[in-house]
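Worksheet: one structure, shown below.
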């Protein structure tokens, strides 16, 4: 049996639409300068693969409202992958992440280009600048692809406030994440707020709302999508937090314990810090956020997270949030209801 993410051939269709769109932009960049080709190469590499969760939730939000399949809705949903590319590129700059999806992160890739070409100035500064610009370009192109999807103008007009609101929430959540690290973290409630706006709403709830708005869904269905999408999005982010500490690099595409090196103030860390002994707290404060954290330091932090019961609590929270999401699907039409139920499992049941 294939992945639920491949229902209606969606992943292949999204990839083809991305490939076609990016190819259509090449002449515009070439008109400016041949020197822009590394921008397209980097974005193409970043967009080659991925779970395509956001397009899937947008598409099935549309189908759950009773609308039929079509290339236009797939194109509109695909625009979310360009928005996701912007978020990933900028997030990696803010975290100074070395890798993304098993490849060098965009800013490191451009720093390597600078270094290898023996250009003037700082390779690192060049890499950061180029990555910021590429993220901005992906954000701009997400608009172009969405509003050029071929859907009726009235449908796009209905959906525009949702699309705008989703992007505002994403950027607000990114800032809150940056702020939490600068402040040294705090309560579980604050960590959950970051998770909600940086990832949960933007990954599940808002894409569903976008599909619903495009289809002209009634308010009751939009509310059901929130009842499903918000807890599921939170569960998805909590699973990512667990994988960021305990995940297999071959599966995550990031080095082992990378979230610990970056000092991520996740719910997992917040729960652990609430329960530490003074000795355990000293271990966390000594190692968390150390960019040169050794494998031994990673194991020390993992031990604290397990011994305090933080890992068990977060796993329990993931399960309860997922159950709550699944219980809210009664008013969604088939086949979307069955697919959304399977997507809930696909988004949260990934194991370390």
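Bear in mind that the values in this text are calculations on the coordinates, not laboratory data. Quick caveat: nothing in here was measured; it's all calculated off a predicted structure. With ideal geometry, Cβ positions are generated from the backbone for all residues, glycine too; neighbour counts draw on all protein chains shown.
Evaluate the distance, in nm, between pseudo-label points positioned 7 Å from the Cα of residue 345 and of residue 160 along their respective Cα→Cβ axes.
Simple spin-label model gives 4.1 nm for this pair.
With a cut-off of 8 Å between alpha carbons and a minimum separation of six or more residues, what is the relative contact order of the chain in percent? Walk me through the numbers before you get to the answer.
Numbers: 500 pairs, mean separation 68.8, N = 352.
Relative contact order here is 20 percent.
Under the rule a/c < 1.5 gives rounded, and otherwise a/b versus b/c splits prolate from oblate, where does segment 239-284 land using the Cα gyration tensor? Kindly include the intermediate steps, with their values, before the conclusion.
Numbers: a/c = 2.79, a/b = 2.13, b/c = 1.31.
Note, shape of segment 239-284 comes out prolate.
For the pair residue 189 and residue 323, how long in nm is the line joining their label points, each one 7 Å along Cα→Cβ?
Modelled inter-label distance: 2.5 nm.
Roughly speaking, what is the stretch gain from residue 125 to residue 24, that is 0.36 nm per residue apart minus the C-alpha to C-alpha distance, in nm to one decimal? The partial results should precede the final answer.
Working: separation 101, 0.36 × 101 = 36.36 nm, distance 2.99 nm.
Result for the pair: 33.4 nm of gain on full extension.
Say R0 is 45 Å: what FRET efficiency, to the nearest 0.05, do residue 306 and residue 223 get from their beta-carbon distance? Write down the numbers at each step before the final one.
Values: r = 38 Å, r/R0 = 0.85.
Result of the calculation: an efficiency of 0.70.
I want to verify the translational diffusion coefficient of the chain in µm²/s; compute it with Stokes-Einstein, Rh as the Kirkwood radius over Cα pairs, at 20 °C and 1.002 mPa s.
Details: Rh = 21.0 Å.
The diffusion coefficient I find is 102 µm²/s.
Determine the gain in length on full extension of the stretch residue 275-residue 51; use 0.36 nm per residue of separation and subtract their C-alpha separation, reporting nm with one decimal.
Working it through step by step, the gained length comes to 77.2 nm.
Show that you can apply the helix-only estimate: for the chain, add -39,500 (n - 2.57) for every DSSP H stretch of four or more residues, divide by all residues, and state [θ] at 222 nm to the nearest 500. If you can, show how the numbers build up before the last one.
Working: 17 runs with 254 residues, N = 352.
Value at 222 nm, helices only: -23500 deg cm²/dmol.
Taking only Cα atoms and a 10 Å spring cutoff, compute GNM fluctuations for the chain and point out the largest among 191, 312, 131.
312
Can you pull the Kirkwood radius for segment 151-190, inverse mean 1/r over Cα pairs, to one decimal in Å? Show your work: numbers first, answer last.
Values: mean 1/r = 0.0819 Å⁻¹.
About 12.2 Å, per the Kirkwood formula over Cα pairs.
Can you tell me the FRET efficiency between residue 103 and residue 330 if r is taken as the Cβ-Cβ distance and R0 is 35 Å, rounded to the nearest 0.05? Walk me through the numbers before you get to the answer.
Values: r = 42 Å, r/R0 = 1.20.
With R0 = 35 Å, the Cβ-Cβ based efficiency is 0.25.
Please give the FRET efficiency for residue 8 paired with residue 31, using the beta carbon to beta carbon distance and R0 = 30 Å, rounded to the nearest 0.05. Each step should come with its number before you reach the end.
Values: r = 36 Å, r/R0 = 1.21.
Efficiency, rounded to the nearest 0.05: 0.25.
Pull out a ≥ b ≥ c, the square roots of the eigenvalues of the alpha-carbon gyration tensor of segment 99-248, then state rounded if a/c is under 1.5, prolate if not and a/b is larger than b/c, and oblate in the remaining case. Please list the in-between numbers first.
Values: a/c = 2.50, a/b = 1.38, b/c = 1.81.
It comes out oblate by the Cα gyration axes.
At 0.36 nm per residue, and after removing the present C-alpha to C-alpha distance, how many nm does the segment from residue 316 to residue 179 gain when stretched out fully? It would help to have the intermediate numbers written out before the result.
Working: separation 137, 0.36 × 137 = 49.32 nm, distance 2.73 nm.
That pair, residue 316 and residue 179, stretches by 46.6 nm at full extension.
To the nearest whole percent, what portion of all C-alpha pairs in segment 272-352 is separated by more than 18 angstrom? Numbers along the way, then the final one.
On the way: 1874 of 3240 pairs.
Percent of Cα pairs beyond 18 Å in segment 272-352: 58.
Exposure proxy check: 285, 10, 329 ranked by fewest other beta carbons within 10 Å? Could the numbers behind the result be given before it?
Values: 285 12, 10 22, 329 18.
Ascending Cβ contact count within 10 Å gives the list 285, 329, 10.
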